[in-house]
Amino acid sequence: LKCLPAIVFLALISGCTLSGGGNASFDNAKGEKIVQTARTVTGTPYCWGGTSPAQGFDCSGYVFWVYKQHGYNLPRTAAEQARAGTSISKGNLRAGDIVVFNPSWGKHTGIYTGRKTFLHSPKSGSRVKEESLEAPYWSKVFAGGRRVVR
């Protein structure tokens, strides 16, 4: 029983609870595998409405395709993906979470890498790439994260 306060303290500072709630149910290995898959198609050209490496990707088509490779059936559009899963704050993002942005032209989605960066298919004339979540533009239009992986 002498160790119980230390166990409670460690659980609290690590963000876990003794009941197993919070982020304790997140599967880091699955999230990392999603990021690995997302990286395999880095450089694929943007294609509006695109949902495959052969066709190219728009932002939500990229997220849709990556998650589908792992058995997840996500909604197809960025607006729908922005409501999928559970809402996650910027400070609680984990590798494999969906990041949602709200630029002036509508919703935009990507995949968080776990290193303060995200992978996405940004716009016409561009390719799937990794960018900093802390870049001034992306930081300004960041709208939240969504956790689908459990």
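The values are calculated or read from the model by the stated rules, or taken from the named source; none is laboratory data. All values derive from a computational prediction rather than experimental measurement. All Cβ positions, glycine included, derive from the backbone under ideal geometry; neighbour counts span all protein chains shown. Protein only, heavy atoms only, side chains kept; ligands, DNA and RNA dropped before computing areas. Shrake-Rupley method; radii C 1.70, N 1.55, O 1.52, S 1.80 Å.
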Residues meeting the amide H criterion for residue 44 (H placed from the backbone, H to H distance under 5 Å, 5 or more places apart or on another chain) are 128
Candidate aspartates and glutamates for bridging to residue 123, where Cα separation is under 18 Å - those fewer than 8 sequence places away on the same chain excluded: 58, 131
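Keeping the other protein chains in place, figure out the carbon and sulfur percent of the accessible area of the stretch 70-144, with a 1.4 Å probe.
On the way: 1770 of 3730 Å².
Answer for the stretch 70-144 is 47 percent, counting heavy atoms of protein chains only.
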Cα-Cα over 18 Å, subset of 90/116; 107/140; 68/90: 68/90
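Counting only heavy atoms of protein chains, what accessible area per residue, in Å², does the stretch 24-150 have with a probe of 1.4 Å?
Numbers: 6070 Å² over 127 residues.
Heavy-atom accessible area per residue stands at 48 Å².
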Normalised Cα Rg of the stretch 58-146, dividing by 2.2 N^0.38 Å with N its residue count, works out at 0.97
From the phi of every residue in the stretch 79-88, what ³J(HN,Hα) in whole Hz does the Karplus formula 6.51 cos²θ - 1.76 cosθ + 1.60 yield, where θ is phi - 60° and glycine or proline is x? 4, 6, 5, 5, 10, 6, x, 10, 5, 10
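Would you mind calculating the gained length between residue 90 and residue 48 on full extension (0.36 nm times residue separation, minus the Cα-Cα distance), in nm to one decimal?
Length difference between fully extended and current span is 12.4 nm.
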Cβ crowding within 10 Å averaged over residues, with 111-122, 76-87, 58-69 ranked highest first: 58-69, 111-122, 76-87
Through the Karplus equation 6.51 cos²θ - 1.76 cosθ + 1.60, θ set to phi - 60°, convert the phi angles of the stretch 96-105 into ³J(HN,Hα) values in whole Hz; use x for Gly and Pro. x, 5, 7, 9, 10, 10, 10, x, 4, 8
I want to check the label-to-label distance for residue 134 and residue 102. Put each point 7 Å from Cα in the C-beta direction and report it in nm to one decimal. 2.4 nm
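Compare 70, 108 by solvent-accessible area with a 1.4 Å probe and give them largest first, with all protein chains kept in place.
Values: 70 65, 108 0 Å².
The most accessible residue leads, giving 70, 108.
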For residue 138, what accessible surface area do you get with a 1.4 Å probe? Give it in Å², rounded to 10. 20 Å²
